[in-house]
Amino acid sequence: MLAEAGRVRRGDLRLPVIAGGAWLVAIVATGLGADGAVVLAGVLAVGAAAALAAAVVAAVLASRRERAADVAAGSLGTARRTSLPARRFVGGLASAALVLAAVTLGAGALAATTASLAERHRLPPQLAVIADSESTARWTLETSGAVSEGRVAVQVRSVEQRDARIHLDTTAVLFARDLDAVPRGTPLAVTARATSTEPGDDAAVLLFARGSPEVLGAPAGGDELLDGLRAGFRESAARMPGDGGRLLPGLAIGDTAELDPGLDEAMKVASLTHLTAVSGANCAVVVALVFGLLGLLGASRLLRVIGSGIALLGFVALVTPEPSVVRAAVMAGIVLLSLALGRPVRGLPVLGAAVLLLVVAQPALARSYGFVLSVLATAGLLVLAPPLARRLARWMPRSLALAVAVPLAAQLLCQPVLILLQPELPLYGVPANLLTEPAAPIATVLGLIACLVLPFAPPLGDLLCALAWVPSAWIAAIARFAASLPAASLPWLPGTIGAIAVAVAIVVVLVAVLGRGRLRSAAAGLAVLALVLATAGVGGAALAARAGRPADWSVALCDVGQGDATVLRSAGSVALVDTGPDPELLDHCLADLGVDRLQLLVLTHYDLDHVGGADAVIGRVDRVLVGPSDGADADRLDARLRDAGAEVDQVERGERGGLGDLAWEVLWPPERGVEPGNGASVTLSVRPVDGAAGLSALLLGDLGEVAQARMSGVAHPGRYDVVKVAHHGSADQDPDVYARIRARVGLIGVGENDYGHPTSELLGTLADAGTLPLRSDQTGLVLLAGSGDHLRVWTQRAPPDD
């Protein structure tokens, strides 16, 4: 398909146009709710009928004009006849455009209808009542994802409240601290509080467990078998050293559970995260291997197609049907069907058909970043890679030109969307992809075979895993190296404006490279001018940002991903509250702040996103405050800190101390009555001593709604300048606490996540309290300076306009 893709035919564009229209409608319809989507479907259906009627009328009128013209031409001679083909062409083109518009509107109406039906199924009225009231009920669930940091995606089977049981079949996310890792498909029972989500969200409700979930049994046969395969492969890969072992499950089966935050960040900076998101390349490898193997065995074309289809379904089940996997699998299925029927295969129509089928069958996919990036990357390979390769072949060998064109084309089409996720331009993305391209399929194939072989022949599986480790380690090394280079990622305008700006820049550059004549010359001039302006803008912005940093900052929120790390500074003394999940990210932040030693370290509780970065500060701390231990891992961390010279104290409400010109007090946990974990987070109140300048701050750890209410009831906190928002902005909050403290700024330590953090409910609570939210995923590093009414805010990146 790639070889034919550079020569796009007009007929190839029909399905992509129809699919694009349906996709746009699905994006809108999923956000309107069930009733709004029905109205939209009706409007589009009327429009489709009108366009079709107009096409029929245009065809009839064109036919009558043609007959009249034929009569007139017979009397006026050949000169008149020569104009007839042009008229027929124009008339036929108008009719075809109207028919295409009618079909596109009809497809949109269908997508809006299925979006309405999906929303009604996702959130039936009985469940909506429970979620809207945020009441507690008894839930019967079945896990549909992997347990990660106390969170798991589940299918809701039933809910029981006030002796009434409702049977359901919808999706949710369960938050439960005491939930151990269980296989997908495990049935659970739990008492939990439900909160609603936005229309079109993957999860109908968020469930916050009250107590420990109860495992009701083992998964049904298929789920247990597949989870066993994944677990066996993870264990074998974990025995491999370094980054290569941690990355291998992601390359082979899309399992990134063992990927540490530092390597994950390096993969993002190097534009290599697509290698751990199973997609078209992985599906193509599986289908090609099975198809070729069956061909060597002498199987007929039909048998090869059937065998490849079965292998594809098994592969999708093994790696789980993520959006990019589903897109790739549907495209592969269409290709196999075309081969079985003996029909020609062309890339753009196949992509258009896959997108159309998916947004109609599963409208929620339309808003998935994974799906969007997967489609755009594939479109880039089909449309841009061949002409780029032909252009590059003028200066380099053809094979090298194609190798460069493939990642470049995908990067160009995906970059506007990536700007919405992270407003940075990866400078070394194309070279990093070029260096890792040969290694990725080797790691994928060997890792996948090892995954399947391990249950039956462990020594052979371990050998294959060791062989797959070599290309995996190479990819990880390239990612680390690329991320460590100077200016590995350049800052860019955030939000929609940034996405539009980079899209316009890409179009100008493509016209300059691929265009012809005067248009190409004009675009080349614009591209040079844009490059100069962008270089000046980026450099100027960086200098301005550095120059504008307040030297007298007293509170800093580090950007450590999905985790907390807050720095307090006063009169030469420095305290750190939590360490985030990754030592490298924390070390980078402390170095940027010029912090070498800490007089005080507060570990609010022992979840990984709060203590995972502790290695960066062990041996650099004078005193450590900790909450109640939650097990052997917590005790070992305390011992390591103590052995490195720190004084480690378990604290409770009423503990007091000083930090420069600041006085701190522990408001929570109490001496007894709370279990270790989120609800026992060390909650720190910090205020300037009498007459001293500085900012007051309340740091809430991961306290949930109930714990916040209890803390407020016994500590009676007053107003504060700054609040460190609890639990990364989850919905489990007590609005009365935020209304009571009326902080001017709310710091939210949050990174890329599937939890919905920070939630719209929390942001609404802050807005009601008059608190400005500053979230590290959007702003990067945050510095606060001044005191009282003269509080000054500096952010590494400008937050997007809402």
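The values are calculated or read from the model by the stated rules, or taken from the named source; none is laboratory data. Model, not experiment: these values are computed from the prediction. When we count neighbours, we look across all protein chains shown, and the Cβ atoms used for this are built from the backbone with ideal geometry, even at glycine. Accessible surface is based on the protein model in full, side chains and every heavy atom, while ligands, DNA and RNA are left aside. Shrake-Rupley method; radii C 1.70, N 1.55, O 1.52, S 1.80 Å.
Can you tell me the dipole magnitude for the range 276-393 around its Cα centre, using point charges on the Cβ only (Lys, Arg +1; Asp, Glu -1), in Debye to the nearest 20?
So the magnitude is around 340 debye.
Rounded to the nearest 10 Å², what accessible area does Val99 show when all protein chains are kept and the probe is 1.4 Å?
Approximately 70 Å² of Val99 is accessible to the 1.4 Å probe.
Can you compute the charge dipole magnitude of the range 603-670 about its Cα centre, using +1 on each Lys and Arg Cβ and -1 on each Asp and Glu Cβ, nothing else charged? Give it in debye, rounded to the nearest 20.
140
Give me the extension gain from Ser787 to Val57: residue separation times 0.36 nm, minus the current Cα-Cα distance, reported in nm with one decimal. Walk me through the numbers on the way to the answer.
Details: separation 730, 0.36 × 730 = 262.80 nm, distance 7.29 nm.
So the extension gain works out to 255.5 nm.
In deg cm²/dmol and to the nearest 500, what is the mean residue ellipticity at 222 nm of the chain if only DSSP H runs of at least 4 residues count, each as -39500 (n - 2.57), divided by the residue total?
Theoretical 222 nm ellipticity from helices: -17500 deg cm²/dmol.
Any idea of Arg346's accessible area? Nearest 10 Å², probe 1.4 Å.
40
Once you have a ≥ b ≥ c as the square roots of the Cα gyration tensor eigenvalues for the range 618-724, tell me rounded if a/c is under 1.5, and otherwise prolate or oblate according to whether a/b is larger than b/c. Mind showing how you got there, number by number?
Values: a/c = 2.36, a/b = 1.18, b/c = 2.00.
Oblate is the answer for the range 618-724, as a/c is 1.5 or above yet b/c matches or exceeds a/b.
Taking only protein heavy atoms and a 1.4 Å probe, what accessible area per residue, in Å², does the chain have with all protein chains in place? Working shown, then result.
Values: 36000 Å² over 802 residues.
Accessible area per residue: 45 Å².
Of Ala55, Ala403, Ala181, which is farthest along the charge dipole of the chain in the positive direction, counting Lys and Arg as +1 and Asp and Glu as -1 at C-beta?
Ala55
Which percent of the accessible area of the chain is formed by carbon and sulfur heavy atoms (probe 1.4 angstrom)?
Numbers: 22390 of 36000 Å².
Carbon and sulfur: 62 percent of the exposed surface of the chain.
Using Cα pairs closer than 8 Å and at least 6 residues apart in sequence, work out the relative contact order for the chain, in percent.
Numbers: 1561 pairs, mean separation 73.6, N = 802.
Result for the chain is 9 percent.
Dipole of the chain, Cα-centred, from +1 at each Lys and Arg C-beta and -1 at each Asp and Glu C-beta, to the nearest 20 debye?
Using Cβ point charges on Lys, Arg, Asp and Glu, the chain gives about 5220 debye.
With the dipole of the chain worked out from charges on the C-beta (+1 for Lys and Arg, -1 for Asp and Glu) around the Cα centre, which of Leu485, Ala614, Gly657 lies farthest toward the positive end?
Leu485
For the range 137-265, take N as its residue count and report Rg(C-alpha) divided by 2.2 N^0.38 Å.
Ratio of Rg to 2.2 N^0.38 Å for the range 137-265: 1.17.
Can you list, by residue number, the Cys in the chain that have no neighbouring cysteine C-beta under 4.7 Å?
Unpaired cysteines in the chain: Cys283, Cys414, Cys451, Cys465.
Name the long-range amide H neighbours of Val147: under 5 Å, sequence gap of 5 or more, or other chain; modelled H, no Pro or chain starts.
Placed amide hydrogens put Val182 under 5 Å from Val147.
Express in nm, to one decimal, how much length is gained between Asp754 and Leu225 on full extension, taking 0.36 nm for each residue of separation and deducting their alpha carbon distance.
Full-extension gain reported as 187.9 nm.
Identify, among Ser696, His274, Ser776, the residue whose Cα sits farthest towards the positive end of the charge dipole of the chain, taking +1 on the Cβ of Lys and Arg and -1 on the Cβ of Asp and Glu, with the dipole about the Cα centre.
My answer, from the dipole projection, is His274.
Kindly provide the Kirkwood hydrodynamic radius of the chain in Å, to one decimal, from all pairs of distinct alpha carbon atoms.
29.4
Where in the range 236-322 are there trypsin sites (Lys or Arg not before Pro) that are in a DSSP coil and have at most 13 other Cβ atoms within 10 angstrom of their Cβ?
For trypsin sites (Lys or Arg not before Pro) across the range 236-322 that sit outside H, G, I, E and B with at most 13 neighbouring Cβ atoms in 10 Å, the list reads Arg239.
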